[in-house]
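Below: the structure, in structure tokens.
Where a number appears in this text, it was derived from the coordinates with a stated rule and is not lab data. The model shown is predicted, which means the values in this text are computed figures rather than measured ones. In this analysis, Cβ positions are derived from the backbone assuming ideal geometry, glycine residues included, and neighbour counts consider all displayed protein chains.
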Amino acid sequence: MKKLLDCHKGEKVKVVKLNASYDLKQRLISFGVMKEAVIEVLEHAPKKKTIEIKVGKMRLALRDIEAATVEVEEI
Amino acid sequence: MSEKKIDPQACPIIAKHIKVALVGQPNVGKSMLINSISNAHLHVGNFSGVTVDKTEVLFDYKDYHFTVVDLPGTYAFTDYTIEERVTHEYLCAEDYDIIINVVDSTNLEKNLQLTSELLTMNKKMVIALNMSDEAEKEGIEIDEKYMSELLGVACVKVSAAAKTGIETLINTVIEVYLAPKKDAKLIFSEAVEEEIATIISYLQKHKYEARNSYRNIAINLLKENKKTYAKLHDDPIWTELQPILIEASHHIELHHNTDDIKEAFAEEYSAFNRGIVTEVVKQTQQLESKSLTEKIDSILIHPLFGIPIFLFFMWGLFQLTFTLGNIPMEWIDGFFGWLGETVSPTISNDDVRSLVVDGIIGGVGAVVLFTPNIIILFIGIALLETTGYMSRVAFLLDGFFHKFGLHGQSFIPLVTGFGCSIPAYMSARILKNDRDRLLTLFIIGFMSCGARLPVYVLFAGAFFGADMAGNILFIIYVSGAMLGLLAAKVLKMTAFKGVDEPFVMEMPKYRLPSLKLIWHTVLTQTIMYLKKAGTFIAGAAILVWFLSNYPHNLDLEKAYNVKIEKAVDVTQKAKLENKLAQEELEQSYLGRIGKFTEPLFEPLGFDWKMNVALQAGLAAKEVVVSTLGVLYSMGSDVDETSKSLADNIRENIPFASAVAFIVVIMIYLPCLAATTVFAKEAGSWKYAVYLFIFTSVVAYSLAFIAYRVTLMLT
């Protein structure tokens, strides 16, 4: 399965499933990262420790560990 | 739902009061809206979590007294952070008449996610479509009338920045307040609607009595709202209702292919919101392929250049603090010197003159002197906050911070700590995990606050030339921050072991800083600083003056006066007078305290005056400078009274001792007020005691090392 963390800069993907723990899942959902949402990867911090994504019109930063819990598919 | 409601007809006095709860996601301009409505001096920033506690603002409009409660921004009712908990608890449990839901017009769909949760609250509500001017510029057209119709909630276009639509908003609030409550229109997918209908018909059959509508109760039950559950749990109908609910959630979960009902509802809301947005929003012009924010981001958070750019900004800020701040400092210094000289001959009583000139003017003057530096630093931090750059730095530094056991968002309280530790301690609330928050709280003190700046400026200016002083200042701040990180690592490995908190953070749009906002922020903080100088510090200066002048030793004075009279030439006279002053100071109360603690600080190379200044600094760091001012102005050469404090320090304090002194100032407790706030935020005074022990031990050991190393090198 492809993870959000595996996406390269500029790639647009669709969320398939959230494999996060309960708390993190609620957090992601409250930011709009949920099933069917379209995500664009904008920027990587050094060593891909943190990534910047775009969900709808919002820019969001998340850590590598969190990005690995989001399952995505190519559009 | 169990809220008490005030009956407007019951009491004519209460009827004129409208209590408004201002709710919205972070960064939609709630505080700025209150600012525009009431001209209150709230602190407005462009990163999540500026309003850390709820703020109440009172104002009158027409025949009504308004109380607006500005609640901390919340993305959803998830109770994820303390702020979200504050907001959620307030909305569910407190008494208020109406909700103003502030939304960002440029990002309606995301903002409606919270709105749809508010719609089931059984409260009157008005939606403020904020930033409507910005939306227009981006070619977003919102049909607010149609939106009001679709949602069943009044929607008003406003712009807090341009101050448009604010009258209409308040008038609408009054209208909605006077009108009977209408049910909002929230429509779900067929599966959910089916289950809602089942529950409603069940409630109808049993004629269940409730304030909230059956529909809202049904929705809350399906959403597993704890309060609604608790209420129905005690009712006899529960036994029959329970199996219906189990069946219903099973159905919905199946429909959404998840085992999490909250996720299912989030998807329901999202679908509903998408529907609303498609209906009411028209994008008239296509956005450029890359927005301005993205263009700026590609430079500022560049993987390679991002961090050097950030360091450059910080370096520039400290350079400015020193060079630019120096100009008005000379005027202020001159003014207080002139004031002292002018006032001094008008007072005949020796004791009173000494109190006024050395104690009050000397002490307060020494503190007021640093106002320009403080202003520049505050402007810098306000700029960081309001432009949205702060979140970018958190993004850049998270990888680095994580290595030290910190969270990228710890950066926000840490940077705020460069201004003042008090708001820094409070803003640490954005960290959800208690361990992470405590860890951040413990190292905020390592970020040198504005009040320590005067001490640094004084010493850097005394021992280094003007061209080097700015760099020295930068080094002091950076090494303080580095020490903080190391301390964090040590604490994380020992006292605060555990799992890390996830890092998921919004990166707000860049905004041009509003001059008015920065002016407000800086003005409020500067006034606070000057107020402190005028009251607390003036008091401390008088106390220090008293302790350093009494008790008078009459025998000593007599013996010296005889010698002075016998002295032949002026220089010898002056020498003797100076010696008298020195000896009197040493046997004063203050001298005794300093002498008593001398053995403790001797390994650091401090004389008793420095001991006293440090101990007085536990109350507030500004007092360090004022104390040094009082102590060194009295014991100095009499023939050169115009000598500045910096000159006195250079002559009286060895370089190595000065370095050790700065190290202690960098690390030990910020001030009494901050320590109180720390204890409150950490949750217990126990932690304040730990903090005191921790900082004192670290300060002492590092100062000792610094002293020895400097001695060896020089």
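The mean number of Cβ atoms from other chains found within 10 Å of a Cβ in peptide B:100-112 is 2, as a whole number. What the Cβ-Cβ distance of residue A:16 and residue B:296 gives, at R0 = 30 Å and to the nearest 0.05, is a FRET efficiency of 0.40. With a Cα cut-off of under 16 Å and a minimum spacing of 8 residues unless on different chains, the lysine pairs in the range B:190-283 number 5. With both labels modelled 7 Å from their Cα along Cα-to-Cβ, the residue B:515 to residue B:56 distance reads 3.6 nm.
The angle between the Cα long axis of helix B:685-713 and the longest principal axis of the Cα atoms of chain B comes to about 40 degrees, rounded to the nearest 10.
Residues B:251, A:8, B:407 in ascending order of nearby Cβ atoms (within 10 Å, fewest first): A:8, B:251, B:407. Our estimate of slack between residue B:163 and residue B:351, defined as 0.36 nm per intervening residue step minus the Cα-Cα distance, is 62.0 nm.
Measuring r between the beta carbons of residue B:673 and residue B:468 and using R0 = 35 Å, the FRET efficiency lands at 0.60. Each principal axis of the range B:227-281 carries a Cα extent, and these read 47, 23, 14 Å when sorted largest first. Taking a straight line from the alpha carbon of residue B:595, these lysines sit under 25 Å away, with near neighbours fewer than eight places off in the same chain left out: B:558, B:575, B:579, B:609, B:621. For a straight C-alpha distance cut-off of 16 angstrom, the lysines reachable from residue A:14 (same-chain residues fewer than eight places away being disregarded) are A:2, A:3, A:35, A:54, A:57.
Among DSSP bridges having both ends in the protein assembly as shown, what percentage is antiparallel? Round to the nearest 5. Antiparallel bridges: around 60 percent, rounded to the nearest 5.
Across the range B:536-713, the relative contact order, built from alpha-carbon pairs under 8 Å that are at least six residues apart, equals 21 percent.
Once Rg and the Kirkwood radius are both taken over the C-alpha atoms of the range A:2-74, their ratio Rg/Rh works out to 0.91. Sorted on the mean count of surrounding Cβ atoms within 10 Å across their residues, most packed first, peptides B:505-513, B:270-278 read B:505-513, B:270-278. A Förster distance of 22 Å, applied to the separation of the beta-carbon atoms of residue B:230 and residue B:206, puts the FRET efficiency at 0.75. For the pair the range B:166-184 and the range B:460-532, the centres of their Cα atoms are 43 angstrom apart. Taking a quarter of the surface of the Cα convex hull of the range B:190-283 gives a mean projected area of 7.0 nm².
A quarter of the convex hull surface defined by the alpha-carbon atoms of the range B:337-481 gives 11.5 nm² as the mean projection. Restricting the range B:137-207 to chymotrypsin sites (Phe, Trp or Tyr not before Pro) that sit in a DSSP loop and have at most 13 other Cβ atoms within 10 Å of their own Cβ leaves nothing.
Average projected area of the Cα convex hull of the range B:12-178, in nm²?
One quarter of the hull surface, i.e. the mean projection, equals 9.1 nm².
Our estimate of slack between residue B:589 and residue B:696, defined as 0.36 nm per intervening residue step minus the Cα-Cα distance, is 36.1 nm.
Under a 5 Å amide H cut-off, with hydrogens placed 1.01 Å from N, residue B:65 pairs with B:17, B:18 among residues at least 5 apart or on other chains. Kindly express, to the nearest 10 degrees and within the range 0 to 90, the angle between helix B:570-586's C-alpha long axis and the longest C-alpha principal axis of chain B. So the inclination is approximately 50 degrees.
Return the equivalent ellipsoid semi-axes of chain B as a descending list in whole Å, where each equals the square root of 5 times an eigenvalue of the C-alpha gyration tensor.
60, 26, 25
Full extension of the chain segment joining residue B:562 with residue B:527 gains 7.6 nm, where the gain is 0.36 nm per residue of separation less the Cα-Cα distance.
Shielding by partners for peptide A:45-57, expressed as the average number of C-beta atoms from other protein chains within 10 Å of each residue's C-beta, is 6. Among B:350-358, B:380-388, the peptide with the highest mean count of other Cβ atoms within 10 Å heads the list, and the full ranking is B:380-388, B:350-358.
Secondary structure note: in chain B, about 35% of the DSSP beta bridges are antiparallel.
For B:701, B:626, B:291, the sequence from fewest to most other C-beta atoms within 10 Å is B:701, B:291, B:626. Axis of helix B:672-682 versus longest Cα principal axis of chain B: the two differ by about 30°, to the nearest ten degrees.
Take each residue of peptide B:497-504, count the partner chain Cβ atoms within 10 Å of its Cβ, and average: the result is 5. Couplings 3J(HN,Hα) for the range B:465-475, derived from phi with the Karplus relation 6.51 cos²θ - 1.76 cosθ + 1.60 (θ = phi - 60°), are x, 4, 6, 9, 4, x, 5, 4, 4, 4, 4 Hz, where x marks Gly and Pro. Look at the Cα gyration tensor of the range B:402-500: its axes a ≥ b ≥ c give a/c of at least 1.5 with a/b over b/c, and that counts as prolate.
Its Cα gyration tensor gives the protein assembly as shown an equivalent ellipsoid. The semi-axes, each the square root of 5 times an eigenvalue, are 59, 29, 24 Å from largest down.
As a test, work out the antiparallel percent of DSSP beta bridges whose residues both lie in the range B:12-178, rounded to the nearest 5. Here the antiparallel bridges make up roughly 25 percent for the range B:12-178. In terms of other Cβ atoms within 10 Å, B:252, B:475, B:246 run from fewest to most in the order B:246, B:475, B:252.
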